[in-house]
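The values are calculated or read from the model by the stated rules, or taken from the named source; none is laboratory data. On a predicted model such as this, the values are computed, not experimentally measured, just so you know. With ideal geometry, Cβ positions are generated from the backbone for all residues, glycine too; neighbour counts draw on all protein chains shown.
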Amino acid sequence: MALPQELEALTQAFSGHGVDEKSLISILGKWHPEETKTFRKGTPHFFIDDERQFERWNDERVRLLKHEFMRFKNAVVLWAMHPWERDARLIKEALKKGAKRHEAYGVIVEIACTRSSEELLGARRAYHSLFDHSIEEDVASYIHGNDRKLLVALVSAYRYEGSKLKDDTAKSEAKTLAGAIKNADKKLIVEDDEVIRILSTRSKHHLKSVYKHYKEISGKHLDEDITDLRLKETVQCLCTPHTYFAKLLDATLKIEVDKNTKKAPTRVIVTRADVDMKEIKNEYHKLFGGSLSNKIEEVANGNYKDFLLTLIARGG
Amino acid sequence: MATIVAPLNFSPVEDAEALRKAFKGWGTDEKTVISILGHRYSYQRKQIRQAYEELYQEDLVKRLESELSGDFEKAVYRWILDPTDRDAVLAHVAIKSDNKDVIVEISCIYSPEELLAVKRAYHNRYKRSLEEDVARHTTGDLRKLLVSLVSTFRYGGDETNARLANSEAEILHDAIKDKKLNHEEVIRILSTRSKSQLIATFNRYRDDHGSSITKHSLGKSSDGFHKALRTAIHCIDDPKKYYVKVLRNAIKKFGADEDAITRVIVTRAEKDLKDIKELYLKRNSVPLEQAVAKDTHGDYKDFLLILLGKDE
C-alpha cells in the first residue's frame, strides 16, 4: 500500500467503534521510523506539536483509545456473563453515572421495561448478591429528582405475563393518560400517580392495548405526545420495544459520538442477541432502509466489529 | 413452632375414603372432617386432594364448600388450599373488602421469597398482578405505601450499615414526631430496606429515643395511611406480638371477628402459632385456646382448637 492510503487506513483503524487490530499490525508494525513520524505529523487530532520539538500523543485521545481497545473485551465479558448479573451490573453503573448525567437513567428504564417478569426478578436477585442491597432501595436512595417515583415503581414491577385483559379497562386507562397529558403543564406528568400506576403495574399485553386505544382517541402515538424523556422511554420500551432498540442502534452507531453513547450498541446487541434481535433487525430495515449489519460494517472495526456481526446473525 | 399435631405415616387414599363417607347421606359428619384435615400437614392435605380427585373425579375443595357452611366452611376452605394459594385468596378478599392489614401483613411479615410465591399464586389464580389490584383499589399516600410494600423484593441477607441505621432512624423519628409525616421518605425506608437493616434502624431508634418505634407511632391519627403505616412498623418490628394483638382485638370485639381469628390461626398453625400462643398467655394471662373457646361455637370452635394443638 502507498503511504497516503496507509495513513488513511491507520486513521480509520483508530476511529469509530473498536480498533482494527489487523491494520495496526500490518501497517504500524511494519513502518520505518520516518513513516511513523510522517503519520504523527499528519494527524494533529492524535498528536500535538510539542514546544520541545517532538510530536506528543494527545492525552485525551489516548484515554479514548483505551476505551476503543477495550470495547471488544467488554463485549466478550458482558456476553459471557449470566443475564441476571449483566442487568444488575448495568443498573448499578447507571445509578452511579446518572448522578452527573441523567440520560444514564434511561438504561434503568430500558432494563426494567424490556425484560420479562422473571428476567427482571433474576436481575433483582443478582443485585442482592453483588451489592447487598435491593435495586429498589438503591434507586430510591440514589435518585432524588422527579424521576424517582417512576423508576422505583418500574424496577419493582412483577407483572402478570399472560394475555388476559379487560378491554374497557384498557380503554378507560388510555383516556386517563390522555387527560394527564393534556394537564401536563399544570401537573408534572412523570409524578402523576395514575400514570405511574398504569405504566408500572399493568401487564404488557394490557399496555399494548392501552397504546392502541390511545392512538384511536387522540390520533397520535402515546410516546409521541409525551415530552418527559424517562416517561417517553418507558412507553416505548413497554409498548414498542423493537422500534425503541432499532432507533437506539441507529442513533449510537455513529463515528462521532461520545464515549458514553458508544456503550449502547454493545449493551443492546449483547442483551438482545438471543431474545428478539431478528425483530429488531427487521424494524431497523423498515425504519432506516439499510441493514443493521451494513451499518456495523461502516462504523465498527476489527474484532469488535466481527463479534457484533456474529451476535446479530444468531437466530437468523 | 407449629401447633398442629399430625402423624408421619398416613394414607391419602384412606383419608379420601373416610371423607367421602363423611359426605354421604343427609348432612355431613363434621367431626370426621375436623379429625382428619385438622391433623394433616399441607403436603399431606395436597395428597388427600389428589387421591380424592382420582377416586371420585371430584374436587375435594368444591365438595367441602358445598357440604359445609358459615365460619366453619370458611376456615376449612382456607385450610385445605395450598399455603401460597391461600394467601393469594386472602389478599384478594382483603382488597375487595378494603382490609389493608392483610396486605401489610403479607408484605411485611413474610420473607421476600414467601411474598414472591404469593404474587405468583395471585397471577395464576386471578390473571392479574397483586400490585395492579392493590393500586386500582387505593388512592393517594395509602396507595403509594401499599403498592411499594407489595412490590418490594428485599435484600435477604444480614449485611447492615450502621451509618444508614442512624440517619434513617432520625428521618423516621422526625416524621413521627412532627406528625406531618414526610411520607415519601418514610415509605422509601419501610418498603425498600432489608429486614435486617430495618431491625438495625429500629434498634438505633430505641437507643436514641428511649422507646420503641412501634410505641411512638401509636398516634391518634385514624386515617387509612397512618393506620397502615403503624401496622407496617409493628409487623416489621415484632410480628408475633402483632399477631397476638390481632387475635386479642378480634376476640374482644363484640361478636368476635371470625375472619381475623381464622386468618391468624390457619396461616400460622404450621409456622409459629406455638410461639404466638405463649406470647398471648404472657400478655393476656389467659391461654389462647380458652379465649377462642369462649368466643366461638360449634364445629368452627372445634376445628380451631384442633389447629391450636388440642389433645384429643
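Of all residues in region A:150-182, count the ones that are within 8 Å of chain B (Cβ to nearest Cβ), surrounded by 17 or more Cβ atoms within 10 Å (Cβ to Cβ) and in contact (Cβ under 8 Å) with a residue 40 or more places away in the chain. The qualifying residues number 6.
Could you pull out the residue among B:E159, B:E132, B:E170 that is of a type in the set (D, E) and surrounded by 22 or more Cβ atoms within 10 Å (Cβ to Cβ)? Unique residue meeting the criteria: B:E132.
The set of residues in region A:151-210 that are over 27 Å from A:H102 (Cβ atoms) and charged (D, E, K, R) comprises A:E161, A:K164, A:K166, A:D167, A:D168, A:K171, A:E173, A:K175, A:K208.
Would it be correct to say that A:A123 is under 23 Å from the mean Cα position of the chain (by Cα), more than 9 Å from chain B (Cβ to nearest Cβ), buried (at least 19 other Cβ atoms within 10 Å of the Cβ) and not in a loop (DSSP other than H, G, I, E, B)? Against the criterion (under 23 Å from the mean Cα position of the chain (by Cα), more than 9 Å from chain B (Cβ to nearest Cβ), buried (at least 19 other Cβ atoms within 10 Å of the Cβ) and not in a loop (DSSP other than H, G, I, E, B)), A:A123 qualifies. Against the definition (modelled with pLDDT of 95 or more and of a type in the set (K, R)), how does A:R314 come out, yes or no? Taking the combined requirement at face value, the residue does not satisfy it. Which of the residues belonging to region B:191-224 are more than 14 Å from chain A (Cβ to nearest Cβ) and basic (K, R)? Scanning region B:191-224 gives B:R204, B:R206, B:K215, B:K220. Scan B:A121, B:A175, B:A135, B:A117 and give me the residue that is under 30 Å from B:D207 (Cβ atoms) and either assigned to a helix (DSSP H, G or I) or in contact (Cβ under 8 Å) with a residue 60 or more places away in the chain (or both). Residue meeting the stated conditions: B:A175. Only one entry in A:K305, A:K295, A:K212 is within 23 Å of A:A174 (Cβ to Cβ) and not aliphatic (A, V, I, L, M), namely A:K212. Within region A:139-148, restricting attention to residues that are touching a helix residue (DSSP H, G or I) at 6+ places or on another chain (Cβ under 6 Å) and at the interface with another protein chain (Cβ under 9 Å from one of its Cβ atoms), the residue that is surrounded by the fewest Cβ atoms within 10 Å (Cβ to Cβ) is A:A140.
Filtering A:Y244, A:Y160, A:Y211 for residues that are part of a helix (DSSP H, G or I), modelled with pLDDT of 95 or more, in contact with a helix residue (DSSP H, G or I) (Cβ under 8 Å, 6 or more places away or on another chain) and more than 23 Å from A:D274 (Cβ to Cβ) leaves a single hit, A:Y211. All of B:V102, B:V147, B:V134, B:V89 fail the test of being more than 12 Å from chain A (Cβ to nearest Cβ) and more than 19 Å from B:D237 (Cα to Cα), apart from B:V89. Scanning region B:112-129 for residues that are in contact with a Lys or Arg (Cβ under 7 Å, 6 or more places away or on another chain) and more than 8 Å from chain A (Cβ to nearest Cβ) yields one hit, B:P112.
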